[in-house]
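Worksheet for the structure shown next.
The values are calculated or read from the model by the stated rules, or taken from the named source; none is laboratory data. In this text, all values refer to a predicted model and were calculated from it rather than measured experimentally. FYI the Cβ positions are ideal-geometry reconstructions off the backbone, even for glycines, and counts take in every protein chain you see. The area values use the complete protein model at the heavy-atom level, side chains included, leaving out ligands, DNA and RNA. Shrake-Rupley method; radii C 1.70, N 1.55, O 1.52, S 1.80 Å.
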Amino acid sequence: MDPGRQAMIDGWKSPLQGDRRGGRDRERDRDITGPRFDSTNRISKAQRPLPPKGTGANSAAAGRYLTQDQQSEQFVADEDKFVLQQAKKKADIRVREHRAKPIDYLAFNLRFIDTDRDVFDDDDADAEISILGPEALLESLGEAQLRELDEDVRSYHTLECNKKNKEYWTALLALCADRRQKLKPQGPEGRAVTSVASDVDRILSPKSLAQLEALEKQIKAKLQSNEPIDTDYWEQLLKSLLVYKAKATLKNICEEIKAARVDLLRTRDPEKAKELEASDGYAGEAPALGPAGSSSKPASRPSASTIDSANSSNAPPPGTARFAAVGTEDFSQATKALYDREVAKGISEGEEIFAAEEEVPGVSKPLWADKYRPRKPRYFNRVQMGYEWNKYNQTHYDHDHPPPKVVQGYKFNIFYPDLIDKTKAPTFKIIREHGRRKGESLAAAGSEDTCLIRFIAGPPYEDIAFRIVDREWDYSAKKERGFKSSFDRGILQLHFQFKKIYYRK
């Protein structure tokens, strides 16, 4: 065998190479499958160290490309941002053109501190637009409008990413839910909670947001402890605390909005800026809202006549022109605001406007007449009419030829915003003429007895009376028939229906 080949098999170097290199011995432990070393002909090269991951042009190029899931997420986020911007733009336009809905006023109110808004959409006159405060706006709406507003607020809350804006919509959701709960008929438990509402309001209303958060932690700790406590009471207190916490959050945000509006007005109109700074930053009157039940989705552009009628300062809310004007007396701005807010609710099916005002019997000049100018309170009352399908009516009438409508109840809304002594709520009493007592009837056959209901308040308001049907009231808390007697925010509300009498054989 060739010596060189034998040497390769044995792991030695070729003797010829050894002789050629001066007889130097080579290592015999090299890999026989590796390339042969040849000083005159290099068949391999040293490998360079690989660059660390995350550096260099390749990693930068890889960062520019997103996976399919990441691209989908980015697309959805961009689409949500675009939808939110368009919703805000449309709300601004509707407010400027005096055809806004409740959600538009809430969105427009936030734009003054919204860092994500498009500055090219700003209008110099926006700071001068007077709108109703968020809480006052919620209180001016009925159940159907609050249900629609709740859906619109949830849409903004879902799309919003800004932290401050998110807090604003979260607080509004809590207040809207609380307002809807208060409008629902209350059972025995609800009436029990209402009876201590004034105590809860006295405890929680003066506290700041930080104090409410600290109190929330204490109540949660007490509920989680093993102490013997009234769980129902503390859970109800915690529920009320969350509402007041939302009010405090909203109050802080509204203060920031007011400060931003004042800064905008200082360069444009310093006098108006001072007036705005001295006030709470919002209007005292309810805005002219769009038709009830209309959605917050984009609507068709109104005609010129529609915009002109909406811009008119004396135009009544839509659908209420036939009963908006009730007199020519001079009322305060607070009374006008309460009246317009109630008129904006309109009338439901089966209701009619009730204004059967009577002279108050045996009234004399009040003792305080020399100190305050006496004035009659303004009111907006409704009478509920319907059919009674008793045995006689079922025999002689049908649905195509119904019987005459009869009075089934009343809804009195009387406004006392300027009471001197606000600690004493107005009251009412029933007056029956000719010595007739409760339950007695002196009316002729086919007619009903009537009586006077007299509303009594302190200065500067005179007493006022109305003639109503004298029947037994229904004090139950059934749905749509609940009895309501309250005085809140300058409005005396007395809603009641008559008991239905069922004849048995």
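The table below gives the values:
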item	result
Contour minus Cα-Cα distance for Ile456 and Ile430 (0.36 nm per residue)	8.2 nm
Above-threshold pairs, the threshold being 21 Å between Cα atoms, out of Lys207/Lys251; Lys163/Lys247; Lys247/Lys411; Lys411/Lys500; Lys164/Lys247; Lys101/Lys345	Lys247/Lys411
Label-zone membership for segment 225-249, site Lys182, 7 angstrom Cα→C-beta point, backbone N under 18 Å	236-249
Residue-span extension gain [Arg375 to Leu238] - 0.36 nm each, minus C-alpha spacing	45.0 nm
Lys166 paired with Val363, simple spin-label distance in nm, labels 7 Å along Cα-to-beta-carbon	5.7
Cα gyration tensor shape of segment 121-171, rounded if a/c is under 1.5, else prolate or oblate by comparing a/b with b/c	oblate
Portion, in percent, of the accessible area of segment 102-181 that falls on carbon or sulfur, probe 1.4 Å	50
Estimated FRET transfer efficiency (Ser485, Lys89; beta-carbon r; R0 45 Å; 0.05)	0.50
Where segment 67-186 is the region considered: accessible area per residue in Å², 1.4 Å probe	51
